[in-house]
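A.B. asks: Got a structure here, written out as structure tokens. Questions coming.
The values are calculated or read from the model by the stated rules, or taken from the named source; none is laboratory data. Small disclaimer: the values here were computed from a predicted structure and weren't measured. All Cβ positions, glycine included, derive from the backbone under ideal geometry; neighbour counts span all protein chains shown.
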Amino acid sequence: MSNYIRHIIRYFFGHDVSEDLASRARHRIVEAGDEAEPALSEVWNQLDDRQMDEGTVDDAWNRTYMRLAGTRQSHRVQWLRIAAIWAVPILLLGASFWFWQQGRDQHNGYEDVRFMHKFTAYGERELITLPDSSKVWLNGGSTLIYPSRFAAKERNVCLSGEAYFDITKNAKQPFIVDVNQVRLKVLGTTFNLYAYPSDPKITATLESGSVQIDVEKKDKSYILSPDDQLTYDSTTGEVTITSVNTKDYLSWRSGSLYFNDTKFGVAIEQLERRYDVTIHLMNSKYSEQKIRAHFGPDDSIDKVMDILMILIPDLHYQIKGKTIYIE
């Protein structure tokens, strides 16, 4: 293996890189083929074992591999376990290389399948049409990973962030959405899924149809009906199901924001994604305070901050360009 490939891989795994550089690095690693495997194995072997115990790593690996590979087995993708415990860019890298491996076998039905991913920056929203004609609306700061063709027994996608799904019905090929510690299985339905890495809570809100949700370390599945909302708190392991007005949780597609007893710290993150700003909370006493408010698509960040001053006594803010300081 050339030092050139080793340096590319080590740099990619050890640094924060731009999307353009990450894309070029993945492409170069895929081209390297067998030459890249020793370096990828090195990265895996150098991971800090204290991050997870062996059983947890194995479980995470199995979920990650199955969501990328469907039901097909392979003995040459152990390094993909990295994707189970590292950030989204590593998952992207793993998927790229996995599809390359499958494409080498011209008789396995995967030779024309390519790895796809869509990312929306803060302040953006995007509509994506999947290979089966299903539609996905991505909120700001979100990533969706999916194959160019659903070749496995299940239609598997991975999400980090928030998205609204309108799934084409296919009883013979269930649609699966994987997020951290949660898996949703549907045939044909519409639902919203909120799963940002910075928020310990994952929320699924069903608009129509039905959805089956499996949560890590829970011995049962949860079935939702329209207007049901399931919330999973990864810090406590608690799962709750409540009845909600679904439209309130879909309003982000038009640029609106809806806060219903939302912690101020979480609301700040949503404001950052909606308005593409950076907010510095100078006083931590506000972070746990809950707020209830609805902001329309035409409301400016200045108007939003003025209303927050009314909702939270003694709160003051200052806007400098795209940075907001709250005291």
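A.B. asks: Filter region 144-161 down to residues that are over 27 Å from Thr278 (Cα atoms), crowded, with 19+ Cβ neighbours inside 10 Å and in contact with a Gly (Cβ under 7 Å, 6 or more places away or on another chain) and give me whichever is modelled with the highest pLDDT.
C.D. replies: Out of the qualifying residues, it is Asn156.
A.B. asks: Give just the number: which of (1) of a type outside the set (Ser, Thr, Tyr); (2) over 22 Å from Gly140 (Cα atoms); (3) outside any loop (DSSP other than H, G, I, E, B) does Glu288 not satisfy?
C.D. replies: It is condition (3) that Glu288 fails.
Per-residue answers, yes or no, for (1) surrounded by 22 or more Cβ atoms within 10 Å (Cβ to Cβ); (2) in contact with a strand residue (DSSP E or B) (Cβ under 7 Å, 6 or more places away or on another chain); (3) not assigned by TED's automatic domain parsing to the domain that holds Pro297:
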site	(1), (2), (3)
Tyr122	no, no, yes
Lys135	no, yes, yes
Asn139	yes, yes, yes
Ser142	yes, yes, yes
Ala163	yes, yes, yes
Leu184	yes, yes, yes
Gly188	no, no, yes
Ser198	no, no, yes
Ser208	no, yes, yes
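A.B. asks: Scan region 167-184 for residues that are among the charged types (D, E, K, R) and within 16 Å of the chain's Cα centre (by Cα) and report the count.
C.D. replies: Residues that pass the stated criteria total 2.
A.B. asks: Out of everything in region 199-243 that is at pLDDT below 90 and among the polar types (S, T, N, Q), what residue ends up being farthest from Glu162 (Cα to Cα)?
C.D. replies: Thr235
A.B. asks: I've got another one for you. Could you list, in sequence order, all residues of region 211-225 that are small (Gly, Ala, Ser) and touching a residue at least 12 places away in the same chain (Cβ under 8 Å)?
C.D. replies: Within region 211-225, just Ser225 meets the criteria.
A.B. asks: Being touching a Leu at 6+ places or on another chain (Cβ under 8 Å), in a strand (DSSP E or B) and more than 24 Å from Gln229 (Cβ to Cβ) is the requirement here; does Ile279 meet it? Can you show your working first?
C.D. replies: Values: touching a Leu at 6+ places or on another chain (Cβ under 8 Å): yes; in a strand (DSSP E or B): yes; more than 24 Å from Gln229 (Cβ to Cβ): yes.
Yes: the conditions hold for Ile279.
A.B. asks: For region 228-247, enumerate the residues that are among the small types (Gly, Ala, Ser) and surrounded by fewer than 16 Cβ atoms within 10 Å (Cβ to Cβ).
C.D. replies: Across region 228-247, the qualifying residues are Gly237, Ser243.
A.B. asks: Inside region 241-275, can you point out the residues that are in a strand (DSSP E or B) and over 17 Å from Glu207 (Cα atoms)?
C.D. replies: Leu257, Phe259, Asn260, Asp261, Thr262, Lys263
A.B. asks: Take Tyr317 and decide whether it is free of Cβ contacts under 8 Å to residues at least 24 places away in the same chain and touching a helix residue (DSSP H, G or I) at 6+ places or on another chain (Cβ under 7 Å). Working first, answer last.
C.D. replies: Details: free of Cβ contacts under 8 Å to residues at least 24 places away in the same chain: yes; touching a helix residue (DSSP H, G or I) at 6+ places or on another chain (Cβ under 7 Å): yes.
Spelling it out, Tyr317 is indeed free of Cβ contacts under 8 Å to residues at least 24 places away in the same chain and touching a helix residue (DSSP H, G or I) at 6+ places or on another chain (Cβ under 7 Å).
A.B. asks: Just to be sure before I move on: is Met282 over 16 Å from Gly255 (Cβ atoms), within 29 Å of the chain's Cα centre (by Cα), of a type in the set (A, V, I, L, M) and at pLDDT 90 or above in the structure I sent?
C.D. replies: On the way: over 16 Å from Gly255 (Cβ atoms): yes; within 29 Å of the chain's Cα centre (by Cα): yes; of a type in the set (A, V, I, L, M): yes; at pLDDT 90 or above: no.
Judged against the criteria, Met282 is not a match.
A.B. asks: Now, a different point. Can you tell me how many residues in region 244-263 are closer than 27 Å to Leu187 by Cβ and either acidic (Asp, Glu) or modelled with pLDDT of 95 or more (or both)?
C.D. replies: 1
A.B. asks: Follow-up question, since we're still on this one. What's the number of the condition Leu224 fails, among (1) in contact with a Gly (Cβ under 8 Å, 6 or more places away or on another chain); (2) of a type in the set (A, V, I, L, M, F, W, C); (3) assigned by TED's automatic domain parsing to the domain that holds Ala121?
C.D. replies: Single failed check for Leu224: (1).
A.B. asks: Among Glu272, Glu288, which is modelled with pLDDT of 90 or more and either exposed (fewer than 13 other Cβ atoms within 10 Å of the Cβ) or of a type in the set (Asp, Glu) (or both)? So that I can check it myself, show each step before the final result.
C.D. replies: Details: Glu288 fails: modelled with pLDDT of 90 or more.
Sole residue among the options that is modelled with pLDDT of 90 or more and either exposed (fewer than 13 other Cβ atoms within 10 Å of the Cβ) or of a type in the set (Asp, Glu) (or both): Glu272.
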